[in-house]
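J.: Take a look at the following structure, please.
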Amino acid sequence: MKWTIRKKFLIGYFILFTLAAFFVQQIMKDSLEGNSQALIESDMAKLQHTTREYSKQFSQIHSAETDLFSVYGSKLAQELSKLQKQSVALYGPDGSFIYETVPVDQPLLIENQVYQTNSQEADYPELKAAFANQASFTRQDTDNGTLIYFAYPLYIQDEFIGVLRFTADYTDLFERNDSVLKSFTFLIISLFVGVFLISFVITTQITKPLIRLTKATKQVAEGNYQAKVRVNSKDELAVLATNFNEMQQNIERHIDKVEEEKDKVLLLGKTRTTFFNNVTHELKTPLATISGYAQIIGEPDFDDPEFLRKATKKIRLESERMNRMVIDLIELSKSETDVVLKERTPIPILPLVTSLCEDMGMEAKKEQMIIEIEGGDFIVFGNQDELRQIFINVLDNAVKYGLPDSVICVVLSGSAVTVSNTSTPVPERIAKQVFDPFIHTKGIGSSGLGLTIAKQLTERHGGTISFDDQDGNVEVSIVFPNRQQVGNNS
């Protein structure tokens, strides 16, 4: 059997209330009996005083006779019975039964009348106590009621006259006690049922959220983080349910974050593998070219001046390409691992870009291109060397992939620098990955790392860089955040 909280509470309440009800009822019963005992004792004391005084007066009226009970016993008993509405029996000083009278309007007394005998032959405790010079009463429960027997010794002028024994009907008193006790018992039972029902409802209201919380906890343990606990109250259980829901959401967010980090790690591993393969491929191509030309011109019987001139030029170009690739790889490695920011100062962008456009203008002229610059100045709080590297890489990319007899336009607007040029349409696959390493359309003269380095350095400055190609109209836009724009140069 599963001992739930509600079952424990209800069983504990039942045991506690039962014991409490038993003790309270017992106390009530003892209290009623004690009150009845005190009332009877008071009644008997009054009865003794009244009947003794009456007997003394009766004796004074009939003083001529010495033996009061023998001569006037019947009359005295009848008067006392009529006065007290009780059965009255008289016993002489020697214990002999003299007379008894019973009221005609007391059916219980008539029903239980016993023809009396001498005190020596009757086993009545109160009668024996009276002849032992003590007033005493006893209780007798019958099928139809309760009788009280009371006896005391009668003395007149210090002379023992005999014993008076009274029989009274106290059925009403004890029936009232029984009625009160039954009513009290009914009240206790009603109170028990009421409190039990209220406790059942309260424990149900308490345990329902706990049951929901238990089920939700089990679902969370099984990996279901969508289950919610609903509590309509505003007590501690509602706070517990709210905290549980928040904890569940936090766990779900942490798990999602762990999954994201896991995906990032997997992607990083894949990217590194791809990057390593690309680096290997890019380095093998110029090395193979250099090695091939070197072997040919190194043959003992080689004698071709024109081929030698061509091979020398090719070896020089491939060596320069390898040199640029190695420099770019070093720069890329530094930008990825150097988390410490270099010294930063307010840099006016227009003079910097103008100077770089003049320098790159010679390279553009070789490709039959010109570079034009327009727009206003703005200031970026950053590192000048890194900013130079960004703009050089973007301009170099525009020169290398632009069409002859075209214009490279550099526009400064707000906090952005936009470089646009005309080229052959860029394939969609390359356009989507243009900032990844070794993504380019020409293999000769390019390391494929320029835009990758530009992107990392831009992001280091808190900016963004974007690439857009519309049928050969290429536009690279570098936007620095406004918080880094400290003012305009006049």
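J.: Determine which member of the set Thr203, Thr185, Thr167 is of a type in the set (S, T, N, Q) and assigned to a strand (DSSP E or B).
T.: When all the criteria are applied, what remains is Thr167.
J.: Take the residues in the range 288-314 that are part of a helix (DSSP H, G or I), surrounded by 11 or more Cβ atoms within 10 Å (Cβ to Cβ) and charged (D, E, K, R); name whichever of them is modelled with the lowest pLDDT.
T.: Per the criteria, the residue is Lys314.
J.: Check whether at least one residue in the range 72-81 is over 15 Å from Tyr152 (Cα atoms), surrounded by fewer than 18 Cβ atoms within 10 Å (Cβ to Cβ), at pLDDT 90 or above and acidic (Asp, Glu), and report yes or no.
T.: The answer is yes, given that some residue of the range 72-81 is over 15 Å from Tyr152 (Cα atoms), surrounded by fewer than 18 Cβ atoms within 10 Å (Cβ to Cβ), at pLDDT 90 or above and acidic (Asp, Glu).
J.: Is it the case, given these coordinates, that Lys8 is open to solvent by 70 Å² or more (accessible area, probe 1.4 Å) and either in contact with a Phe, Trp or Tyr (Cβ under 7 Å, 6 or more places away or on another chain) or free of Cβ contacts under 8 Å to residues at least 40 places away in the same chain (or both)? Break it down into steps so the answer makes sense when it comes.
T.: On the way: open to solvent by 70 Å² or more (accessible area, probe 1.4 Å): yes; either in contact with a Phe, Trp or Tyr (Cβ under 7 Å, 6 or more places away or on another chain) or free of Cβ contacts under 8 Å to residues at least 40 places away in the same chain (or both): yes.
For Lys8, the condition - open to solvent by 70 Å² or more (accessible area, probe 1.4 Å) and either in contact with a Phe, Trp or Tyr (Cβ under 7 Å, 6 or more places away or on another chain) or free of Cβ contacts under 8 Å to residues at least 40 places away in the same chain (or both) - is met.
J.: Could I ask something else about it? Looking at this structure, is Asp172 modelled with pLDDT of 90 or more, on the phi < 0 side of the Ramachandran plot and open to solvent by 70 Å² or more (accessible area, probe 1.4 Å)? It would help to see each step written out before you state the result.
T.: Numbers: modelled with pLDDT of 90 or more: yes; on the phi < 0 side of the Ramachandran plot: yes; open to solvent by 70 Å² or more (accessible area, probe 1.4 Å): yes.
So Asp172 passes the test.
J.: Any idea how many residues of the range 128-164 are more than 28 Å from Ser59 (Cβ to Cβ), of a type in the set (Ser, Thr, Tyr) and assigned to a strand (DSSP E or B)? I'd like the intermediate steps shown before the answer.
T.: So the first thing to find is which residues in the range 128-164 are more than 28 Å from Ser59 (Cβ to Cβ), and the list is 139-147.
From what's left, of a type in the set (Ser, Thr, Tyr): 142, 146.
With the extra rule that they be assigned to a strand (DSSP E or B), the set shrinks to 146.
Qualifying residue count, the range 128-164: 1.
J.: Could you please give the count of residues in the range 23-66 that are open to solvent by less than 80 Å² (accessible area, probe 1.4 Å), over 30 Å from Ile189 (Cα atoms) and out of contact with any helix residue (DSSP H, G or I) (no Cβ under 9 Å at 6 or more places or on another chain)?
T.: Of the residues in that region, 8 qualify.
J.: Does Arg139 fit the bill of being modelled with pLDDT of 90 or more, open to solvent by less than 40 Å² (accessible area, probe 1.4 Å) and among the charged types (D, E, K, R)?
T.: Details: modelled with pLDDT of 90 or more: yes; open to solvent by less than 40 Å² (accessible area, probe 1.4 Å): no; among the charged types (D, E, K, R): yes.
Taking the combined requirement at face value, the residue does not satisfy it.
J.: Which one of these does Met325 not meet: (1) at pLDDT below 70; (2) within 21 Å of Gln384 (Cβ to Cβ)?
T.: Result: Met325 passes all but (2).
J.: Residue check, Val394 against (1) at pLDDT 90 or above; (2) more than 15 Å from Phe467 (Cα to Cα), all met but one. Which one?
T.: (2)
J.: Next up: For the range 101-127: of the residues being in a loop (DSSP other than H, G, I, E, B), among the charged types (D, E, K, R) and out of contact with any Lys or Arg (no Cβ under 9 Å at 6 or more places or on another chain), which is modelled with the highest pLDDT? Spell out the reasoning first.
T.: Quick first cut of the range 101-127, residues in a loop (DSSP other than H, G, I, E, B) only: 102-106, 112-124.
Imposing the further condition that a residue be among the charged types (D, E, K, R) reduces the set to 105, 121, 123.
So of that shortlist, the ones also out of contact with any Lys or Arg (no Cβ under 9 Å at 6 or more places or on another chain) come out as 121, 123.
Details: Glu121: 65, Asp123: 75.
Result: Asp123.
The values are calculated or read from the model by the stated rules, or taken from the named source; none is laboratory data. It should be emphasised that the depicted structure is a prediction, and the values quoted were computed from it without experimental measurement. Glycine gets a Cβ as well: all are built from the backbone with ideal geometry, and neighbour counts include every protein chain shown. What goes into the accessible areas is simple: the full protein's heavy atoms, side chains included, and nothing from ligands, DNA or RNA. Shrake-Rupley method; radii C 1.70, N 1.55, O 1.52, S 1.80 Å.
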